[in-house]
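Single-structure report; data block below.
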Amino acid sequence: MELLDKLAILSDAAKYDVACTSCGVDRQAVKGQLGATTAAGICHAFSADGRCVTLLKVLLSNACAYDCAYCVNRRGNDVPRATFTARELAELTIGFYRRNYIEGLFLSSGVLRNPDYTTEQMCEAIRILRDEYGFRGYIHAKAVPGTSEELLVRLGVLVDRMSLNIEFPSETSLKALAPQKAKEGIVRPMGFIRDGIKANYQDKRLSTVRRTRFVPAGQSTQMIIGASPETDHHILKLSAGLYQKFELARVFFSAYIPVNRDPLLPALSEAPLLREHRLYQADWLMRFYQFDVDEIIDAEHPMLDPLIDPKCGWALNHIDQFPAEINKVPYEMLLRIPGVGVRGAKRIAMARRERRLRFEDLKRLNITLKRAKYFITCNGAFAEGVLFDPVGIYNQLVADARGRRRKGVLDGQLSLFAEPEADMGAWGQAANVSPTWSAQALAAAGKSAVVPPEVAAQGARLLAAS
Amino acid sequence: MSVAFSYLYDGTLEGLLSAVFTAFQRRECPEDIVTEAGLQESLFVSYEPLSTDLEQAERVQAGIVNKLGPANYDNVKRVFLSDDQRKGGIILRYLQYTLRQGPHSCTHLANPVVHDFEEVLSVVSKEAHYMLQFVRFAQLEGGVFFSRIEPKASVVPLIMDHFAERFNVQPFMIHDARHQLTGVFDTQKWWLLDARELQLPEQTSSEDEFQSLWQCFFDTVAIQERRNPTCQRNFMPKRFWGNMCEQIPAQLRHRRPQTTTPTQAARQLLPA
Ligand code: SF4
């Protein structure tokens, strides 16, 4: 088979893995060797779906022995199969890297014979890259569930990041949809990698000899959203637990895209991209904005509001903490203002040392007032035309967001993904959807949520339920 | 009413810094510091041409480094590399403000003078980062890797270190066709060439193959169900696509014209 055909098959088979980042490790260049990495990572292109392309993301092989219900590569599917030789893969990576197409390699694989055999093949390809080509670029390897610890160590000292996908937000779903991947086969190696990373830090003090670090960019995981009945509350709790327990660098969410027909799988009309987007927003709040998972969502209202972002949802539910006076509130509170990002909060904190900020000044600091204006005052005054009424603000935010989506404009930094119109059909697939959190909490506070006609079409069912 | 006046300088960083020196020395506030090319004839502005004085420039440089720190001098250099016509005046007013107020004043982001400076600075820095992302090299006969770019600011000097480090095992050239500036790296050191046109050797025979492989990969990784061209263009503006091989429409691929003339740079790099 031609290399081009192999690449087509094996990149096509790998494209559903979303964890394509090249960040987490700063490795300086060395004279005489190819490559380096930067802590922030570099995106080298953006594909037609708007996702960042930073690593050569391929499978070593799609000739998989397993039969996971949701996967294109399942044994039972009649699709063309291919397997790279270790050398082909190494040469391809180097060829791309030297042309500045990529930061490195993201290698995963279907189960070739058995987990250990597969991992050995992966190790060999990466060994050629590191040893023969002296390659210092980024390598992310997805470990195959069930791989022996000995091989995990071999792989771990060759790569920068490792990941094991937990695949589904619960063991029941995993059992049903990926019968050959036991929870133990995923969770145990995750614990093993965590310990390995820790042990490595201890080594650092003990030995001054040149040593190879173990998984320096940390480990990550991924789960599929919308193919199984778990709620957002369940998912966010789980991911908070994963960050804590396994000290993960990232938890990725992947909107379920139906590729197989299987009675076990839901028939979605379209991928739940908006839901995925909201989950990422919530994830960001936890990782960069010092929010606790229980502040963002609770068991009584277990789904994130599709109509507004979770930070706005939080602010509306804690309206007693607002308005925030830009010239006074501490940095931590600046971070909590909807529409103000980490950068924005820092800029405000810096600039207000020189002068009392007015709304014009905020514009000069490149703070977008679109959402923020409802929640802030400058020198005691609201922005022109702002009425500080939570129900009114909610409705306004919903209307604004819909207008933006219609124009195809995306919200701020988080908009890595499309936001289609909130489609309650696909949305509700997860479970019996309960009323949205923000709207219900408003109602609980004794404020009836007014549903303007333009919102009614989309959200009426949810809002009215309270 | 006194007539407004501006300084004229020769377009070099040294020239601009000399002009700043003059303004400080004479305690003057010129409207702007412009080059011959950027000059807009006006009845209400008079222009005074200044000569470039290396010693003066170095004194200003030392002043900035000592008072505001090396990072701020670096920022001044970055703003200087911008295509913004107002950069001379912006740098002058920024230095007048910050050198008087001290290093903390560089964070006075709501101050109009600091704001203008920061705004231009962020355009240049963004453009430099875009180049780290979107530069594409093609291998030429003889082994040199070549890239053609058309950035909105003259950022070649800002990106050479990055590539010279990670690609220290391969000679390469980055040709900025818009600012007629070429960065050349020979695996030991890098330098800049003022090159209007370059005559280059052919691409190697394996180059086409790598480009097809990359195009194939690039087309394949996109998920149909998630198609989102708006998002794609937000992150990767269309103005870069012309120099990125994966963005060339299928029917035009492999038939790209080479850039033209004096071979100096390429020859120096190539084995005879
Ligand atoms: S193990 Fe399951 S998910 Fe992985 S490639 Fe095989 S069938 Fe697909």
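The values are calculated or read from the model by the stated rules, or taken from the named source; none is laboratory data. What you see is a predicted model, and the numbers here were worked out from it, not measured in a lab. When we count neighbours, we look across all protein chains shown, and the Cβ atoms used for this are built from the backbone with ideal geometry, even at glycine. Side chains are part of the model used for accessible areas, which takes the heavy atoms of the whole protein and leaves out ligands, DNA and RNA. Shrake-Rupley method; radii C 1.70, N 1.55, O 1.52, S 1.80 Å.
In the stretch A:352-375, the residues that give up 30 Å² or more of accessible area when the other protein chains are added, compared with the chain on its own (1.4 Å probe), are A:Glu354, A:Arg355, A:Arg364. Filter A:Lys346/B:Lys77; A:Lys31/B:Lys238; A:Lys31/B:Lys67; A:Lys237/A:Lys311 down to the pairs with a C-alpha to C-alpha distance above 27 Å, please. In this structure, A:Lys31/B:Lys238; A:Lys31/B:Lys67 exceed 27 Å between Cα atoms. The value of relative contact order for the stretch B:135-194, using C-alpha pairs under 8 Å at least six residues apart, is 30 percent. Against chain B, whose longest principal axis is taken from its Cα atoms, helix B:54-68 shows a tilt of about 90°.
Select from the stretch A:78-109 all residues whose loss of accessible area on going from the chain by itself to the full protein assembly reaches 50 Å² or more (probe 1.4 Å). Buried by the other chains: A:Phe96, A:Arg98, A:Arg99, A:Asn100, A:Tyr101. With pairing defined as another cysteine C-beta under 4.7 Å, the cysteines of the protein assembly as shown that fail it are A:Cys20, A:Cys23, A:Cys64, A:Cys123, A:Cys312, A:Cys378, B:Cys29, B:Cys106, B:Cys216, B:Cys231, B:Cys245.
Qualifying trypsin sites (Lys or Arg not before Pro) in the stretch A:209-260, where qualification requires a DSSP coil assignment and no more than 11 other C-beta atoms within 10 Å, comprise A:Arg210. Placing unit charges on each Cβ (+1 for Lys and Arg, -1 for Asp and Glu) gives the protein assembly as shown a dipole about its Cα centre, and among B:Gly183, A:Ala324, A:Val153 the Cα reaching farthest toward its positive end belongs to A:Ala324. If you sort B:His115, B:His175, B:His104 by accessible surface, 1.4 Å probe, largest first, the order is B:His104, B:His115, B:His175.
Averaged over the residues of B:162-168, the number of partner chain Cβ atoms lying within 10 Å of the residue Cβ comes to 6. With no solvent and one point on each alpha carbon, what is the Debye value of log10 I(q)/I(0) for chain B at q = 0.13 Å⁻¹? Ignoring solvent entirely, the Cα scatterers give -0.96. In this rough spin-label picture, where each label sits 7 Å from Cα along the Cβ direction, the A:Asn327-B:Glu225 distance is 5.3 nm. Its Cα centre serving as origin, chain B has a Cβ charge dipole (Lys and Arg +1, Asp and Glu -1) of approximately 640 debye.
For chain B, the relative contact order works out to 13 percent when only alpha carbon pairs closer than 8 Å and six or more residues apart are counted. Taking 7 Å steps out from each Cα toward its Cβ at A:Ala176 and A:Phe382 produces label points 4.7 nm apart. Partners of A:Lys328 within straight-line reach, counting aspartates and glutamates whose Cα lies under 14 Å from its Cα and excluding those fewer than 8 residues away in the same chain: A:Glu354. Restricting attention to the stretch B:135-194, close to 70% of DSSP beta bridges with both partner residues there are antiparallel. Among residues other than A:Gln33 with Cβ under 13 Å from its Cβ, the summed charge is +3 (Lys and Arg +1, Asp and Glu -1).
Count the DSSP beta bridges whose two residues both fall in chain B, then state the antiparallel fraction as a percent rounded to the nearest 5. For chain B, the DSSP antiparallel bridge percentage is about 50.
Take the alpha carbon gyration tensor of the stretch A:3-222, find the square roots of its eigenvalues, order them as a ≥ b ≥ c, and report rounded if a/c is under 1.5; if not, report prolate when a/b exceeds b/c, else oblate. Here the stretch A:3-222 falls in the oblate category. Annotation note: GluC sites (Glu not before Pro) in the stretch B:1-109 located in DSSP loop regions with a Cβ neighbour count of at most 15 within 10 Å are B:Glu28, B:Glu36, B:Glu41. Peptide A:27-34 has a mean of 4 when you count, residue by residue, the C-beta atoms of other protein chains within 10 Å of its C-beta.
Using the 1.4 Å probe convention, the accessible area of the protein assembly as shown works out to 43 Å² per residue with neighbouring protein chains retained. Comparing Cα centroids, the stretch B:99-149 and the stretch A:9-51 end up 22 angstrom apart. When the alpha carbon gyration tensor of the stretch B:4-126 is reduced to an equivalent ellipsoid, its three semi-axes come out at 21, 16, 14 angstrom, largest first. Each Lys and Arg adds +1 at its Cβ and each Asp and Glu adds -1 at its Cβ; summed about the Cα centre, the protein assembly as shown shows a dipole of about 840 debye. In the stretch B:1-129, Cα pairs under 8 Å separated by at least six residues give a relative contact order of 26 percent. Ranked from largest to smallest solvent-accessible area, with a 1.4 Å probe on the protein heavy atoms, B:Phe5, A:Phe84 come out as B:Phe5, A:Phe84. Placing a label point 7 Å from the Cα of B:Arg26 along the Cα-to-Cβ direction, the residues of the stretch B:56-99 whose backbone N falls under 20 Å from that point are B:56-61, B:87-97.
Annotation: average projected area of the protein assembly as shown is 36.5 square nanometres, based on the convex hull of Cα atoms across all directions. The HN-Hα couplings worked out from phi for the stretch A:348-355 by the Karplus form 6.51 cos²θ - 1.76 cosθ + 1.60 (θ = phi - 60°) are 4, 4, 5, 5, 6, 6, 8, 8 Hz, whole numbers, x standing for Gly and Pro.
Considering only beta bridges that DSSP places wholly inside the protein assembly as shown, some 35 percent are antiparallel.
Within the same chain, lysines fewer than 8 places from A:Lys57 are excluded, and of the rest, those with a Cα less than 19 Å from its Cα are A:Lys6, A:Lys15, A:Lys142. The string of couplings for the stretch B:46-53 from the Karplus curve (6.51, -1.76, 1.60, θ = phi - 60°) is 9, 10, 10, x, 10, 8, 8, 10 Hz, one whole number per residue in order, with x for Gly and Pro. Could you tell me which of rounded, prolate or oblate describes the stretch B:1-74, using a ≥ b ≥ c as the square roots of the eigenvalues of the alpha-carbon gyration tensor, with rounded for a/c under 1.5 and, failing that, prolate when a/b is larger than b/c and oblate otherwise? Prolate. The largest-to-smallest principal axis extents of the Cα set in the stretch A:72-185 are 45, 32, 24 Å. A dipole drawn for the stretch A:3-222 from +1 and -1 charges on Cβ atoms has a positive end, and of A:Cys23, A:Gly76, A:Leu7 the residue lying farthest that way is A:Cys23. Taking Cα centre as origin and charging only the Cβ of basic (Lys, Arg, +1) and acidic (Asp, Glu, -1) residues, the dipole magnitude of the stretch A:3-222 rounds to 580 debye. With contributions of -39500 (n - 2.57) from each DSSP H run of at least four residues, the per-residue ellipticity at 222 nm computed over chain B stands at -14000 deg cm²/dmol.
Summed over both chains, the contact between A and B buries some 5200 Å² of accessible surface at a probe radius of 1.4 Å. When a 1.4 Å probe is rolled over the protein heavy atoms, the share of accessible surface on the protein assembly as shown that falls to carbon and sulfur comes to 51 percent.
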